[in-house]
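The values are calculated or read from the model by the stated rules, or taken from the named source; none is laboratory data. Source: prediction; values computed, not measured. Using ideal geometry, Cβ is built from the backbone for each residue, glycine included, and neighbour counts are taken over all protein chains shown. Each accessible area value is taken on the protein alone, full model and side chains, heavy atoms only, with ligands, DNA and RNA left out. Shrake-Rupley method; radii C 1.70, N 1.55, O 1.52, S 1.80 Å.
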Amino acid sequence: SQIRAALFDKSKILGRFVQRDFAFHQAVGADAKYELMYHPKYQGSGDKDLLDGVLGSENFRDGTWQGFEGHDLQLTIDLGELQNIFKVEMNFLQSTPSWIFMPDYLEVSISIDGENWTYINRANNEVSEKDNRVIIRRLTSDFATREARFIKVLAKNKGVCPDWHEGAGGKAWIFCDEV
């Protein structure tokens, strides 16, 4: 869904329209536990940011993106009750001039009790790390419908900027806005 808003005085628009995109899904409002925290400079709206339904823009500073510097994004989601799920998707942003790369891959596991986990699969990134445009892509893990309460995701950070990059050897970022 998309919401567009503007300030009006009777029928005259004051300023400009702003727009925000939303994704409504089963995990909106669910609890999340991070293995390693997002960077304080890029925390979005906090611990529930990746499960708030608000999609980020091409501006990684818009307040909707969470940034993970030099380490993987590892998250466990508690849906609160058993649910039938058949897909896990995550939105990522790449902006290589800003040292932000797509994750190498996304791994998904599920659990009924939060103790015993079933590995589902891996969704590989297909965006070239050398593409210096700002790109937003969704990595998707599709699978046969399964019952689960907990979902564990791992988005693999390349760790450091590659040798060809101007920041070679510096910590690489992953930016995510929604699971």
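Probing with 1.4 Å while keeping every protein chain in the model, the per residue accessible area of the chain equals 54 Å². Only one of (i) 64, 19, 13; (ii) 26, 19, 14; (iii) 28, 24, 14 was calculated from the structure for semi-axes √(5λ) of the Cα gyration tensor in Å, and its label is (iii).
Only Lys, Arg, Asp and Glu count, each charged at its Cβ (+1, +1, -1, -1), so figure out the dipole size of segment 39-179 about its Cα centre, rounded to 20 debye. Mind showing how you got there, number by number?
Details: 15 positive and 23 negative charges, 47 e Å.
Its charge dipole is roughly 220 debye.
A cut-off of 5 Å between modelled amide H atoms, ignoring neighbours fewer than 5 places along the same chain, links His39 with Gly67, Phe68, Glu69. What FRET efficiency would be calculated for the residue pair Ser98, Tyr119, taking the C-beta separation as r and a Förster radius of 45 Å, to the nearest 0.05? According to the calculation, E is roughly 0.90. In the structure shown, the pairs Lys33/Lys152; Lys41/Lys171; Lys33/Lys87; Lys48/Lys158 are assessed against 18 Å; a Cα-Cα span above that value is assigned to Lys33/Lys87; Lys48/Lys158.
Between Ser128 and Glu35, the contour length at 0.36 nm per residue exceeds the alpha carbon distance by 30.8 nm. Largest GNM mean-square fluctuation among Pro40, Pro103, Pro162, using the chain with Cα springs under 10 Å: Pro40. Carbon-plus-sulfur accessible fraction, the chain (probe radius 1.4 Å, protein heavy atoms only): 47%.
When the chain is treated as a GNM with alpha-carbon contacts under 10 Å, the residue of Ser11, Ser111, Ser98 showing the greatest mean-square fluctuation is Ser11.
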